[in-house]
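The values are calculated or read from the model by the stated rules, or taken from the named source; none is laboratory data. Computed from a prediction, not measured in an experiment: that's the story for all the values here. Glycine also receives a Cβ, built like all others from the backbone with ideal geometry; neighbour counts cover every protein chain displayed. These accessible areas exclude ligands, DNA and RNA; they are computed on the full protein's heavy atoms, side chains included. Shrake-Rupley method; radii C 1.70, N 1.55, O 1.52, S 1.80 Å.
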Amino acid sequence: MKSKKWTTVDLLRHARHDWLNQLQLIKANLSLDRTERVKEIMNEVIELSREESRISNLKTPNLSEYLLTYNWLKHPVKLYGKVKGESGDFSLFEEELLHTTDELCDVLNNSISGYDEYSLTITFEPEDLRVSYTFEGNLTDQENILGKMKNIFSTHKSMVLIESYIQENKCYFEFQLTS
């Protein structure tokens, strides 16, 4: 897995940069007297902070770091993490989830063309120990890429596929985690 080793200064610099961007957006909208937009931005920042907190509490420090810092490296596919309900304990599955997510991101980043918006959302369901991967965007060689994705998922014995579907611009895979 190719991951950047972040120093404390790197982390603080990126976090500060993100917060300053949000504050500048709020300030600009206030100067234009767009208070409704300011409220929306503030609610988005609050929800993002809550989501990052839930991700940080999955008991998967390496996976959490990966999810929280991935978009700082300017990949074509944006990566989002979501936790349904409260945070849970995914520590037994961290290595497989990290490996799967990294490989999947690599395949997707190398399989897109153009300047469309692409995203991969990983949703954790702690209560049922389920994880789903949802990719949104147009894939160039869909059959080949789907084969690679299924191959990535099949290598992990603790990830049992329970649902999947493919639509024109969306791929969805949901897994039950078992030890």
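Against the chain, whose longest principal axis is taken from its Cα atoms, helix 8-31 shows a tilt of about 50°.
Computed from phi, the 3J(HN,Hα) profile of segment 160-170 under the Karplus parametrisation 6.51, -1.76, 1.60 (θ = phi - 60°) reads 9, 5, 10, 7, 7, 7, 10, 10, 3, 10, 8 Hz, with x in place of Gly and Pro.
Rg then Dmax, both in Å and based on the Cα atoms of segment 1-117: 16.4, 50.
Based on protein heavy atoms only, the chain ends up with 61 Å² per residue of surface accessible to a 1.4 Å probe. Each peptide among 102-114, 8-20 gets the average number of other Cβ atoms lying within 10 Å of its residues, and from highest to lowest they stand as 102-114, 8-20.
As a length-normalised measure over Cα pairs under 8 Å and 6 or more apart, the relative contact order of the chain settles at 17 percent. Annotated for the chain: lysine pairs at least 8 residues apart or interchain, Cα distance under 20 Å, count 18. Here the label points at Q167 and I46, each 7 Å from Cα along the C-beta direction, are separated by 3.0 nm in the simple model.
Residues of segment 90-108 falling in the label zone of H14, defined by backbone nitrogen less than 16 Å from a point 7 Å along Cα to beta-carbon, are 102, 105-106.
Overall, the accessible surface of the chain at a probe of 1.4 angstrom is composed of carbon and sulfur to the extent of 51 percent. Of all the Cα-Cα pairs you can form in segment 58-142, what percent are over 17 Å apart? I get 46 percent for the Cα pairs in segment 58-142 exceeding 17 Å. Return the single residue from K27, K82, K148 with maximal mean-square fluctuation; model: Gaussian network over the chain, springs between Cα atoms under 10 Å. Greatest mean-square fluctuation among the candidates belongs to K27. Stretching N71 away from N21 to a fully extended chain increases their span by 16.5 nm, per 0.36 nm per residue minus the current alpha-carbon distance. Name the residue, out of M149, M42, M159, whose mean-square fluctuation peaks in a Gaussian network model built on the chain with Cα pairs under 10 Å. Largest GNM mean-square fluctuation: M42.
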